[in-house]
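Read through the structure below, which is laid out as structure tokens, and then see the notes.
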There are 2 protein chains.
Amino acid sequence: MSEKTPEVVIIGGGFGGLNAAQKLSKYPVHVTVIDRKNRHTFQPLLYQVATAGLSPGEIAAPIRGILKNHKRLRVLMGEVVGFDLARKKVSLRDGSDIPYDYLVVAAGATHSYFGHPEWEELAPGLKELEDATEIRRQVLLAFELAERRAAMTGKAEPVHFVIVGGGPTGVELAGTLAEIARKTMAGDFDYINPKDTRILLIEGGPRLLAAYTEDLSESAKRQLMKLGVDVMTSSGVTSIEPGQVKVGEQVFPSTVTLWAAGVAASPLGKALGVETDKPGRVIVNPDLSVPGHPEVFVIGDLANFKDQKTGKPLGGVAPVAIQQGQFVAKNIGRAVRGEPMQKFHYWDKGTMATIGRAAAVAQIGKLHLSGFVAWFMWLFVHLMYLVGFRNRLLVLIEWGWAYLTYQRSARLITGSNRLPGWIAQQEMHEDKLPSAEQLHEEASKAAD
Amino acid sequence: MSEKTPEVVIIGGGFGGLNAAQKLSKYPVHVTVIDRKNRHTFQPLLYQVATAGLSPGEIAAPIRGILKNHKRLRVLMGEVVGFDLARKKVSLRDGSDIPYDYLVVAAGATHSYFGHPEWEELAPGLKELEDATEIRRQVLLAFELAERRAAMTGKAEPVHFVIVGGGPTGVELAGTLAEIARKTMAGDFDYINPKDTRILLIEGGPRLLAAYTEDLSESAKRQLMKLGVDVMTSSGVTSIEPGQVKVGEQVFPSTVTLWAAGVAASPLGKALGVETDKPGRVIVNPDLSVPGHPEVFVIGDLANFKDQKTGKPLGGVAPVAIQQGQFVAKNIGRAVRGEPMQKFHYWDKGTMATIGRAAAVAQIGKLHLSGFVAWFMWLFVHLMYLVGFRNRLLVLIEWGWAYLTYQRSARLITGSNRLPGWIAQQEMHEDKLPSAEQLHEEASKAAD
């Protein structure tokens, strides 16, 4: 044991960083957790915020609060901009340096628009709470504006949602939007019929949920189509424009386009100056350290760790980050005691994706589940992993309420009043309203 | 009864507009509710969103959802920009006109900075959900940045909150911020002690809660001071600057300044082209109609209605708007049946303001209550008036949880990463971090 207490700096308060921090508090080290945000976000439920089912406060908690009972641990809100691996220092945006003896980089991932940065404005992705409330705003605004336009022109035009990317996020968004349109919103409008909403899910690869087995991909597709989602596979989007999406020569109208296709690692991966793969993930050693720096570890979505069983890199999912966070803490504990580091092995407990009400797929070893059973398991597992008893209870109530009433609780359009560019454009061409009397005629007849 | 069904247009989905709409559905009229937002916000609990106790979704609900079971009623999201009272038309931002036979203007109020619009940037007010999340952001950021600065300089400087305006909103904000600092945040930081936070409430008039009796004003002041709030009365703020607030020659440091002083009526009051008072409220007839236009009514915060008992205009509180909304609906019902309109009488069921945990004041006729009893009544009444069973249940759980644990559930810094101007300025002058080791020394000694 060295004389001075070793300093461990963890970058990122996601699943990886939090689990590393919690585990490290058992070892004789000082821990500093640095994050740009003050909160941990439960990313697997972000799509429910985007679709107005949960509130941001229900899936997020302050990092400082989560870690408050851990000893020798501090939390700093700040933005890391670079590293000096030789001098063992982390640089923050404000110019200050933080020294470390061990460094854990768990900075996660962001969207990638495959070399089309101009698509970002037209097709928001879903990585942060702010993304989720922006998507919620656009989805709800789409119905409100369609209603007003129909009231003005007397002609109802359906809302079109196009989701690009058929991974878990795309599947979840498509299924939930279908439920909103067909159930939640069904009776709320006078001029449009939300049931006419078209939802199109476009996947570039040959099947949805590529990380799952083929039978589950097929099942997910069937369950989505039963909800009224159109699914296109082997279809690469070639252009995203205001109001439409193109796949080669085919043009699809789109009121709101959502991006669930590309993921890129945090730029902090490249900032380490070690080898990265194409999406920018750091290629790590079997003990999760980076080549040449046994005291620097990269975990979670930012790490490219080759699975011994499959020979492929592990996917960017929460269980990988959690296990790597805990493992890296143990390895640091070993190093501090002068013991050799061990190799990381991922224990795959299974994966699951939800599609909608009582619709999901789950793959647990050789067990493949679909429909209600998979959905119920999904609910249970996600509730269990949510941080904090209070959040669990609130989410349980929201879900129970939603299941019984088909209502979504967080139907709020917040933030700027700015409309997505192309919708604002359409607004310019709106005609005068016909008399409300004229348009109410039918409703009136029914009611009198 | 006239042959064609009369058209009633209601502007605003607040307490006044919603109650008018709900009541009107009993009469043979068509109703159009127009609001810039898609939601009704329960304004009396906005300060709890601003202080991280509740989430936006828990105090707001979509107007369309609230009114979905009412017949002959439509909801349009849109911005009203003007009126043509002669031709009985309302103009929307997009250029369309909506004709009416009866018009109810319930557009509410906004902040007024008493001729100092430049203060708005430095001292946010609290009227909308977006204001509340902005205040929450600034309050939480203040602690985070103070912690980081203390970690860097080794010198802890207390956070200062200055609240301008000692009405119910100012009192609620001051009391709740005191609780956050002394209880919620108490154990969460390593370098600063949130208990050192200074909270200063500045009121221009001679006492807090001017609408209440003197003994209750005095009680509110005592309860606030017990929570550790400094209260200054008869003190007009003369200048708000980055980092400080001036009252004449006195200068008070202020990390975050909040504005709870001035209220101005919606500009739609003036747009009606009838007489308004100084804050821009429309001076209405005893039946709530505007002079010269018996078919046009103004209600709620936008109306200046002289109370028969006191001879003073009714205050801008929810019960007034609710009663006026219901009353105006009945008057329209009478007009449709060819009966004469009646005069509005306000039934004052009492008023109450909360100060903190088990701290409040209530004035119900001759009954004056303080402390726990008033607070418990406040909780009960506010829960009852919250729209929707689900919201009530969630808020009840949040409050129960907060009461037991002292925790605030919605401690999220969301929105832009932009810092309030003056904080960003300070960041430029930050020094280098000392080694974490050095600063952890004490904690380490205690733990080893």
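Each reported figure results from applying straightforward, stated rules to the coordinates on display, with no laboratory input. From a predicted model like this one, the values you see are computed outputs, not experimental measurements. Every residue, glycine among them, receives a Cβ derived from its backbone with ideal geometry; neighbour counts consider all protein chains shown.
List the aspartates and glutamates whose alpha-carbon lies under 19 Å from that of A:Lys246, not counting same-chain residues fewer than 8 positions away?
Partners within reach: A:Glu118, A:Glu120, A:Glu121, A:Glu203, A:Asp230.
Pick from A:Trp375, A:Trp259, A:Trp347: which is most flexible by mean-square fluctuation in a GNM of chain A where alpha carbon atoms under 10 Å apart are linked?
A:Trp347
Considering chain A as a Gaussian network with a 10 Å cut-off on Cα pairs, which listed residue, A:Phe327, A:Phe344, A:Phe297, attains the greatest mean-square fluctuation?
Comparing A:Phe327, A:Phe344, A:Phe297 in a Gaussian network model of chain A, the most mobile one is A:Phe344.
Please report, for B:Gln250, the nm distances (one decimal) from its label point, 7 Å out from Cα along the beta-carbon direction, to the equivalent points in the remaining copies, shortest first.
Distances to the matching label points in the other copies: 7.2 nm.
Compute the FRET efficiency between A:Glu120 and B:Lys68 as 1/(1 + (r/R0)^6), taking r as their Cβ-Cβ distance and R0 = 41 Å, and round to the nearest 0.05.
E(calc), rounded to 0.05, equals 0.70.
Assume the label is 7 Å from Cα along Cα to beta carbon: what separations in nm does B:Met232 have to the matching positions in the other copies?
Between copies, matching label points for B:Met232 lie 6.5 nm apart.
Given Cα pairs under 8 Å that are at least 6 residues apart, what percent is the relative contact order of chain B?
It rounds to 19 percent for chain B.
B:Ser25 to B:Thr153: extension gain in nm, 0.36 nm per residue of separation minus the Cα-Cα distance?
Residue separation times 0.36 nm, minus the Cα-Cα distance, leaves 39.7 nm.
Report the residues of segment B:322-366 in range of a label on B:Gln308: point 7 Å along Cα→C-beta, backbone N strictly under 12 Å from it.
It comes to B:342-347, nothing else.
How far, in nm to one decimal, is A:Phe372 from itself in the other copies if the label point is set 7 angstrom along Cα toward Cβ? Shortest first, please.
Label point to label point, same position, other copies: 4.9 nm.
Using only helices, what value at 222 nm comes out for chain B when you add -39,500 (n - 2.57) per DSSP H run of length 4 or more and divide by the total residues, to the nearest 500 deg cm²/dmol?
Dividing the helical sum by the residues of chain B leaves -10000 deg cm²/dmol.
Any of B:Lys37/B:Lys312; B:Lys306/B:Lys349; A:Lys195/B:Lys71; B:Lys306/B:Lys343; A:Lys37/A:Lys306 with alpha carbons more than 22 Å apart? Name them for me.
The pairs that break the limit, which is 22 Å between Cα atoms, are B:Lys37/B:Lys312; A:Lys37/A:Lys306.
Between A:Ser91 and A:Phe376, 0.36 nm times their residue separation minus their Cα-Cα distance comes to what?
98.1 nm
Do any trypsin sites (Lys or Arg not before Pro) in segment A:129-180 lie in a DSSP loop with no more than 13 other beta carbon atoms within 10 Å, and if so, which?
Those satisfying the criteria are A:Lys155.
Which residue, A:Asp35, A:Asp301, A:Asp215, has the most motion in a Gaussian network model of chain A that connects Cα atoms within less than 10 Å?
In the Gaussian network model the winner is A:Asp215.
What are the DSSP H helices in chain A that stretch 20 Å or more along their long axis, judged by alpha-carbon atoms, and whose average Kyte-Doolittle hydropathy comes to at least 0.0?
Helix filter hits for chain A: A:318-336, A:371-385, A:389-405.
Go through segment A:178-257 and name the GluC sites (Glu not before Pro) that are in a DSSP coil and have 10 or fewer other Cβ atoms within 10 Å of their Cβ.
A:Glu249
If you build the Cα gyration tensor of segment B:164-294 and take the root of 5 times each eigenvalue, what three semi-axes come out, in whole angstrom, biggest first?
36, 17, 15
Averaged over its residues, how many other protein chain Cβ atoms are within 10 Å of peptide A:53-66's Cβ atoms?
6
Using the Cα gyration tensor of the protein assembly as shown, with a ≥ b ≥ c the square roots of its eigenvalues, what is the shape: rounded (a/c below 1.5), prolate (a/b larger than b/c) or oblate (neither)?
Oblate.
Within 10 Å of each candidate Cβ there may be at most 10 other Cβ atoms; applying that plus a DSSP loop requirement, which GluC sites (Glu not before Pro) in segment A:1-91 survive?
Within segment A:1-91, the qualifying GluC sites (Glu not before Pro) (loop, at most 10 other Cβ atoms within 10 Å) are A:Glu3.
Which distance in Å, rounded to a whole number, links the C-alpha centroids of segment B:345-394 and segment B:131-149?
29
Please compute, for the alpha-carbon atoms of segment A:262-312, the extent along each of the three principal axes and give them in descending order in Å.
30, 28, 15
Going by the rotation axis that takes chain B to chain A, pick out the residue of B with the closest C-beta and quote the gap in whole Å.
B:Ser55, 2
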